[in-house]
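Contents: one structure, followed by commentary.
The values are calculated or read from the model by the stated rules, or taken from the named source; none is laboratory data. Just so it is clear, the structure is predicted and the values come from calculations on it, not from any experiment. Here the Cβ positions follow ideal geometry from the backbone for every residue, glycine too, while neighbour counts run over all protein chains shown.
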Amino acid sequence: MDNIKVFLLSNDIRWPQKISALFSLVGRKYELITEDEKSADLIFLTAGGLENIRNLSSFHGLCVMEAESRAAIDDLDLTGVEDVWFANDLAEYLAFRLSRLIAHLETIRESRTNKLYLNTMIDAIPDLVWFKDTAGKHLKVNNAFCKAVEKEKSDIEGRGHYYIWGLSEEEYSRGEFVCMESEEIVMNERQARVFDENVKTMYGMRKFSTNKAPLIDEDGNLMGTVGVAHDVTELLNIGSEIKMLIKSLPDITIVIDANGRINEVNELFFDYFSVSPEEISGLMYSDFRSRLREASEASEEEDRFEIYMKRLGEKVTFKLIDEPIYNVFGEPNGVLCFLRDITEEKKKVETILDVSYTDYLTGLRNRRYMYDNLLERRRDEALSVIFIDIDDFKKFNDTYGHIVGDKVLQNVANAMKTVFEHARNFRVGGDEMLAAFYGDYSLEELAAMAKKLQEVIRNNETDVDITVSIGIANQPVDDVKMLIRNGDDAMYKAKKSGKGKCCIYISEKDEFKLC
């Protein structure tokens, strides 16, 4: 304390001089005030001023009364008086009493300040804070505690758990939702502990993460406990909702933590993969990806896996989708991985592509597929073609009608499928078709297969005679389009030579020769 404020409730003219001398003896400064006595630290008075003291409100200082003798105070009500000095006391003795009063005043002020600090601090904490004695009675609580139980501090302090939280006597006697067990643990172990506790409130059940510690005085005696409870109900509810969301997702869902370990998977995961929760929990995600890649058939796409699922008895195609998880600072904090079963989707796409690449009348692949397929072959793979044109095809349509014309096309296509079963057969357009052979075939082998095809077509079961003109070409021509052109030219050479002929292109001599 700096200057001590002093107020005199006495008409004795000696008091100011006496007070000055005493403060000089104790070596302290003071300030004599003449009004607003409530703000004084010390009030000095005589018996006549007792009534004034009793009428003071909000006074936080100390009162000292001077009396002539001990007999003079026997019948007085000294309520509110901290000390009594007698007129014949020695100055040194009074100085000693004054120093004790100032020390007491400073202790009170320090205690009041510390109490203010404590109250301000715990009331600023959004969590529930309380102090209990060893019997479980609440000694002090913060505003958050009062809000949680909807009671005033005056209605809480000095009361037990079951009254404050609205428990029935039966629930309290069974120890349900009372937290008595954790209180006992903390007091018996004399050390701080953290507990997860279920507390029954007027708003329903709540889950608290509670830090509790023993209160021990300077002599080592147990006074009670202090607790701080954080309501984690909503957080856990969010966690439960996230788990339910993950569980209901139509894709296999994997949650990876910031260290790259699998933290959680949904139940759909176990419907596909024959592993236990213990095997997958904590597994590095990179290891899981490697296992997928090893089990998968070759794929040019990094996010596609085609795996034979033994428990399902079929191949399943997965699309992998990785979505990063960020913390509140925008920093990566994990990954949310989805494995989407696109098997049916892939089949539908393949069906659509198959339809778009297939000639509906003959069942052969069309011209578009032919160029896409042949142009994408490996460069080191040998390729040969047999070009086929139906002789006088226009005559079939003009003479017999398109129905017969369609049957002629179908007969030729079926013959190709039978004779050229190891080739890729295409309808190039109109009455022109092509068979592509991968691998090393000699011109003689190709010519033999071409003649076999002509024979099968001549012996067809229709009522019309069908013949085809055939052109043959093979590698080493590296340009696929040039190879097809050579086969086409050879076919026209055959057609000019008469119906049902076969011609080969000899690339080494750049010449054509009838088979």
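Residue pairs whose Cβ atoms lie under 9 Å apart, separated by 6 or more positions or on different chains, with the first residue in the stretch 51-67 and outside the structural domain of ALA40 (by TED's automatic domain parsing) and the second not basic (Lys, Arg), do not occur.
Pairs meeting the criteria (first residue in the stretch 387-401 and more than 14 Å from ASN411 (Cβ to Cβ), second residue hydroxyl-bearing (Ser, Thr, Tyr) and surrounded by 13 or more Cβ atoms within 10 Å (Cβ to Cβ), beta carbons under 6 Å, at least 6 apart or on different chains) are ASP389/SER469. Annotation note: Cβ proximity below 9 Å between a residue of the stretch 332-351 that is more than 30 Å from ALA258 (Cβ to Cβ) and a residue that is exposed (fewer than 14 other Cβ atoms within 10 Å of the Cβ) and modelled with pLDDT of 90 or more (sequence gap 6+ or interchain) occurs for no pair. Of the residues making up the stretch 282-304, at least one is within 16 Å of ILE252 (Cα to Cα), at pLDDT below 75, not aliphatic (A, V, I, L, M) and not in a helix (DSSP H, G or I).
Table: residues versus (1) exposed (fewer than 12 other Cβ atoms within 10 Å of the Cβ); (2) assigned by TED's automatic domain parsing to the domain that holds PRO324.
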| site | (1), (2) |
| --- | --- |
| ILE242 | no, no |
| ILE254 | no, yes |
| ASN259 | yes, yes |
| ILE262 | no, yes |
| TYR272 | no, yes |
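Does SER20 meet the test of being farther than 17 Å from SER10 by Cβ, more than 60 Å from the chain's Cα centre (by Cα), not in a loop (DSSP other than H, G, I, E, B) and not acidic (Asp, Glu)? Spelling it out, it is not the case that SER20 is farther than 17 Å from SER10 by Cβ, more than 60 Å from the chain's Cα centre (by Cα), not in a loop (DSSP other than H, G, I, E, B) and not acidic (Asp, Glu). Checking the stretch 346-355 against the condition returns a match, with at least one residue being surrounded by 15 or more Cβ atoms within 10 Å (Cβ to Cβ) and at pLDDT below 90.
Conditions tested, residue by residue: (1) in contact (Cβ under 8 Å) with a residue 12 or more places away in the chain; (2) closer than 17 Å to ARG28 by Cβ; (3) outside the structural domain of ILE185 (by TED's automatic domain parsing); (4) of a type in the set (S, T, N, Q).
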site: ASP75; (1), (2), (3), (4): no, no, yes, no
site: ALA91; (1), (2), (3), (4): yes, yes, yes, no
site: LEU105; (1), (2), (3), (4): yes, yes, yes, no
site: GLU110; (1), (2), (3), (4): no, yes, yes, no
site: LYS115; (1), (2), (3), (4): no, no, yes, no
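Of the conditions (1) modelled with pLDDT of 90 or more; (2) in a loop (DSSP other than H, G, I, E, B), VAL178 satisfies every one except a single condition; which number is it? Of the numbered conditions (1) modelled with pLDDT of 90 or more; (2) in a loop (DSSP other than H, G, I, E, B), the odd one out for VAL178 is (1). The numbered conditions (1) among the small types (Gly, Ala, Ser); (2) in contact with a Phe, Trp or Tyr (Cβ under 8 Å, 6 or more places away or on another chain); (3) on the phi < 0 side of the Ramachandran plot are all true for ALA413 except (2).
Looking at the structure I just gave you, is ILE466 surrounded by 13 or more Cβ atoms within 10 Å (Cβ to Cβ), among the aliphatic types (A, V, I, L, M), assigned by TED's automatic domain parsing to the domain that holds ASN397 and more than 60 Å from the chain's Cα centre (by Cα)? Judged against the criteria, ILE466 is a match.
Can you tell me which of ARG54, ARG109 is out of contact with any strand residue (DSSP E or B) (no Cβ under 8 Å at 6 or more places or on another chain), modelled with pLDDT under 95, of a type outside the set (Ser, Thr, Tyr) and surrounded by 13 or more Cβ atoms within 10 Å (Cβ to Cβ)? Going through ARG54, ARG109 in turn, just one is out of contact with any strand residue (DSSP E or B) (no Cβ under 8 Å at 6 or more places or on another chain), modelled with pLDDT under 95, of a type outside the set (Ser, Thr, Tyr) and surrounded by 13 or more Cβ atoms within 10 Å (Cβ to Cβ): ARG109.
Residues that are of a type in the set (A, V, I, L, M, F, W, C) and in contact (Cβ under 8 Å) with a residue 24 or more places away in the chain were ranked within the stretch 352-364; the one that is farthest from ILE252 (Cα to Cα) is LEU361. Which ones in the stretch 28-51 are among the β-branched types (Val, Ile, Thr) and surrounded by 19 or more Cβ atoms within 10 Å (Cβ to Cβ)? Residue satisfying the conditions is ILE43 alone. Residues that are at pLDDT 90 or above and in a loop (DSSP other than H, G, I, E, B) were ranked within the stretch 470-515; the one that is nearest to LEU446 (Cα to Cα) is LYS501. What are the pairs with Cβ atoms under 6 angstrom where one residue, in the stretch 127-151, is within 22 Å of ILE216 (Cβ to Cβ) and charged (D, E, K, R) and the other, located anywhere, is modelled with pLDDT of 90 or more and part of a loop (DSSP other than H, G, I, E, B)? Sequence gap at least six, or different chains. Pairs that qualify, where the first residue is within 22 Å of ILE216 (Cβ to Cβ) and charged (D, E, K, R) and the partner is modelled with pLDDT of 90 or more and part of a loop (DSSP other than H, G, I, E, B), are LYS137/GLY158. Meeting the requirement of 3 or more residues that are touching a Leu at 6+ places or on another chain (Cβ under 8 Å) and among the hydrophobic types (A, V, I, L, M, F, W, C), the strands (runs of 3 or more DSSP E) wholly within the stretch 194-269 are 204-216, 222-231, 252-256. Restricting attention to the stretch 29-71, and to residues there that are hydroxyl-bearing (Ser, Thr, Tyr) and not in a strand (DSSP E or B), which single residue is nearest to the chain's Cα centre (by Cα)? Here the answer is SER58. Restricted to the stretch 311-430, the set of strands (runs of 3 or more DSSP E) holding at least 3 residues that are in contact with a strand residue (DSSP E or B) (Cβ under 7 Å, 6 or more places away or on another chain) and in the same structural domain as GLN475 (by TED's automatic domain parsing) comprises 383-390, 424-429. Using the structure shown, decide if ALA91 is modelled with pLDDT of 95 or more, surrounded by fewer than 16 Cβ atoms within 10 Å (Cβ to Cβ) and of a type in the set (A, V, I, L, M). It is false that ALA91 is modelled with pLDDT of 95 or more, surrounded by fewer than 16 Cβ atoms within 10 Å (Cβ to Cβ) and of a type in the set (A, V, I, L, M).
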